[in-house]
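S.K.: Quick one: the structure is below, questions incoming.
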Amino acid sequence: MYTRNAARFCAHCGAPIVRRVPSGDNRERDCCDRCGAIHYVNPRPVVGTIPLWEDRILLCRRAIDPRYGKWTLPAGFMEVGETTAGGAQRETIEEAGARIEVGPLFSILDVPHVEQVHIFFRAQLLDLDFAPGSESLEVMLFEETAIPWDELAFRTVSMTLRLFFADRARGAFGVHIQAVPPPSAPKDTGR
């Protein structure tokens, strides 16, 4: 996460940067008074899938921090040069070794307190040939009643799964756009 109090230097010329509102702007930015560069900090997209096989969803148990050992949907940071759907498919392959057909957009969750936007697509598993990637301890299919709700890694995953099951019960899927409020506990990353 971006920290405004860290000692920072211009990526162009190495001079110290100053936090101020540049001329013609209306927000504070990191500015270099030596070379005139303005360093914009923008949200980072996290992309993932809700991989489905019959009535079960594929979850991954994290082998990395944050939230080591907790369950999550396959997701991660989007890379330069890929589409949101392409990034979601790549993350599903990397974390779960799962071949999928990416389906429609399902949720966009704004997480401004960690400068992220989480984007999830519905997806169909093409087969049951999946295995944990380097960032997962294990991968497993779960029916709705077996979802380890208290062991989910991030609020965005919990929100997405609850929305998914509510839509499935209604018999119609929509696109959900919501904001994730700041965490109530200091150790919660808010995701």
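S.K.: Taking only segment 124-155 into account, find how many residues are assigned to a helix (DSSP H, G or I), farther than 12 Å from TRP71 by Cα and in contact (Cβ under 8 Å) with a residue 40 or more places away in the chain.
M.R.: Of the residues in that region, 1 qualify.
S.K.: Looking at segment 144-158, is at least one residue under 29 Å from SER184 (Cα atoms), surrounded by fewer than 18 Cβ atoms within 10 Å (Cβ to Cβ), basic (Lys, Arg) and modelled with pLDDT of 95 or more?
M.R.: No, segment 144-158 contains no residue that is under 29 Å from SER184 (Cα atoms), surrounded by fewer than 18 Cβ atoms within 10 Å (Cβ to Cβ), basic (Lys, Arg) and modelled with pLDDT of 95 or more.
S.K.: Looking at segment 9-20, I want the residues that are closer than 13 Å to TYR40 by Cα and have a partner that is exposed (fewer than 11 other Cβ atoms within 10 Å of the Cβ) and charged (D, E, K, R) with Cβ atoms under 8 Å, at least 6 apart or on another chain. Which pairs are those?
M.R.: ARG19/ARG4
For (1) modelled with pLDDT under 95; (2) within 20 Å of GLU115 (Cβ to Cβ); (3) surrounded by 16 or more Cβ atoms within 10 Å (Cβ to Cβ), each residue gets a yes or a no:
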position	(1), (2), (3)
ARG27	yes, yes, no
ASP30	yes, yes, yes
ASN42	yes, yes, no
VAL46	no, yes, yes
LEU58	no, no, yes
ARG61	no, no, yes
GLY86	no, no, no
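S.K.: Give the residues of segment 99-121 that are touching a Leu at 6+ places or on another chain (Cβ under 7 Å), among the charged types (D, E, K, R) and either exposed (fewer than 14 other Cβ atoms within 10 Å of the Cβ) or part of a strand (DSSP E or B) (or both), sorted by residue number.
M.R.: GLU101, the sole residue that qualifies.
S.K.: Scan segment 82-90 and give yes if some residue there is part of a loop (DSSP other than H, G, I, E, B) and not aromatic (Phe, Trp, Tyr), otherwise no.
M.R.: yes
S.K.: Only one of LEU73, LEU141 is within 22 Å of HIS176 (Cα to Cα) and either buried (at least 18 other Cβ atoms within 10 Å of the Cβ) or more than 12 Å from the chain's Cα centre (by Cα) (or both); which? Show your work before the answer.
M.R.: Working: LEU141 fails: within 22 Å of HIS176 (Cα to Cα).
From the options LEU73, LEU141, the qualifying one is LEU73.
The values are calculated or read from the model by the stated rules, or taken from the named source; none is laboratory data. Owing to the predicted nature of the structure, the values given are computational and were not obtained by experimental measurement. Using ideal geometry, Cβ is built from the backbone for each residue, glycine included, and neighbour counts are taken over all protein chains shown.
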